[in-house]
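Read the figures in this text as sums done on the coordinates, not as results from a lab. Since the model is a prediction, treat every value here as computed from it, not as a measurement. Quick reminder, even Gly has a Cβ in these numbers, built from the backbone with ideal geometry, and neighbours come from all protein chains shown.
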Amino acid sequence: MCSKGNKTMLDRKAGPMVRTQAFAPDDLSAVYRAIETRRDVRGQFLEKPLPEDLIWRLLSAAHHAPSVGFMQPWNFTLVEAGPVREKVWEAFSRANEEAAQMFEGEKQTQYRALKLEGIRTAPLNICVTCDPTRGGTVVLGRTHNMRMDAYSTVCAVQNLWLAARAEGVGVGWVSIFHEADIKAILGIPDHVEVIAWLCVGYVDELYREPELAVKGWRQRLPLQDLVFRDAWGQLDGG
Ligand SMILES: Cc1cc2nc3c(=O)[nH]c(=O)nc-3n(C[C@H](O)[C@H](O)[C@H](O)COP(=O)(O)O)c2cc1C
C-alpha cells in the first residue's frame, strides 16, 4: 500500500494522464504539411525496396488509429512481387474494363487515359481488411451502426498514408476490383471485409494537387460550400 505522499509521487510520474499543449510551430507545420501534400500515388513509385523497419513504422502508425470500442478490427496482408500480386493486377484490369464502360462518350475516353493503380510498380502492396468479429458480437460504440468497424479501419489507412508521406513514401489506394476476387486470391475468410488495397513505395516527386484535378477529371470543392451551421443546407455565414 502506498502512503499518501508516495501515491502523489506516483501520479505525477506515471499516472494515466500526460500534460499536453499545442505542438511547437515547426512540428505543427509538419503535421499540416503531411496532410496537405499527401497524394494518392499511381505512377511515381521508385524500385528501391522499403526497409523492414520503415514498413513496421507505417504499420504501427496504422495500428495507433482510433477504433470503435478500441476494437482494432484491422489486419494487414503484405504482398510483394510474385504470382499473388499478378493475380490482383489481373482482377484490377478486369474490373477496370467494366468501370470504363460505365462512363459514356468523352468521359469514357478520359477515364481510359487515367492511371488508377500502381500494383506492379510499387515494391509493396498492403491489403487492409476489417474483421467484424474482433471485439465479439456486441461492441461498445458499434451498437447502433455496424459500419463503425469499417470506418475504424479507414482511420488506420489514413494514419498509414500520412506517416508514409512524412517518410517520403507514396501510397495509392486501389478499389477497382470485385472484393470476391481479392478474397479468393488471398484466402480471406468470408466474414472479413476488404477495406483497402494499398500500393506503397518510395517516391521522389508527387503531384502538387490531386492527379484527378490536374488531369481535369474533377476539382477540389470550395470548403465554404460544404460547411453548414445548425441545420442541413444552412451555409456558414450565408
Ligand atoms: C476510399 C478511396 C478509394 C480510392 N480508390 C482509388 C482507385 O481505385 N484508384 C485510384 O487511382 N485512386 C483511388 N483513390 C484515390 C483518390 O482518387 C484520391 O484520393 C483523390 O483523387 C484525391 O487525390 P489525393 O489523394 O492525391 O489528394 C481512392 C481514395 C479513397 C479515399
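See the values below:
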{"item": "Under 5 Å, built H, 5+ apart or other chain: amide partners of residue 38", "result": "none"}
{"item": "Value of relative contact order over the chain, rounded to a whole percent, pairs C-alpha under 8 Å and six or more apart", "result": "30 percent"}
{"item": "Positive-pole candidate from 132, 164, 144, dipole of the stretch 42-205, charges at beta carbon", "result": "144"}
{"item": "P(r) histogram, all alpha-carbon pairs of the stretch 42-205 included - 5 Å bins from 0, percent", "result": "2, 9, 17, 18, 18, 16, 11, 6, 2, 0"}
{"item": "Top of 46, 226, 78 by mean-square fluctuation, Gaussian network on the chain, Cα under 10 Å", "result": "226"}
{"item": "Helix axis angle, 52-63 relative to the chain longest principal axis, alpha carbon, degrees", "result": "70 degrees"}
{"item": "Pairwise centroid distance, computed over Cα atoms, of the stretch 22-42 with the stretch 101-158, Å", "result": "23 Å"}
{"item": "Karplus 3J(HN,Hα) series, Hz, for the stretch 82-99 with 6.51 cos²θ - 1.76 cosθ + 1.60 (x for Gly, Pro)", "result": "x, x, 5, 4, 4, 5, 5, 5, 5, 4, 4, 4, 4, 5, 5, 5, 4, 4"}
{"item": "Residue-wise HN-Hα coupling along the stretch 202-217, computed from phi with Karplus coefficients 6.51, -1.76, 1.60 (Hz; x: Gly, Pro)", "result": "4, 9, 10, 8, 9, 4, 5, 10, x, 4, 5, 6, 4, 8, x, 6"}
{"item": "Karplus-derived HN-Hα couplings along the stretch 178-187 (A = 6.51, B = -1.76, C = 1.60, θ = phi - 60°), whole Hz, x at Gly and Pro", "result": "7, 3, 4, 5, 5, 5, 5, 5, 8, x"}
{"item": "Stretch gain in nm, segment residue 28-residue 70, where the contour uses 0.36 nm per residue and the Cα spacing is subtracted", "result": "12.5 nm"}
{"item": "Spin-label model distance (nm) - residue 190 vs residue 133, 7 Å beyond Cα toward Cβ", "result": "1.1 nm"}
{"item": "R0 of 25 Å, Cβ-Cβ distance residue 87-residue 37: FRET efficiency to nearest 0.05", "result": "0.15"}
{"item": "Cα-based helix-to-principal-axis angle, 148-166 vs the chain, degrees rounded to 10", "result": "80 degrees"}
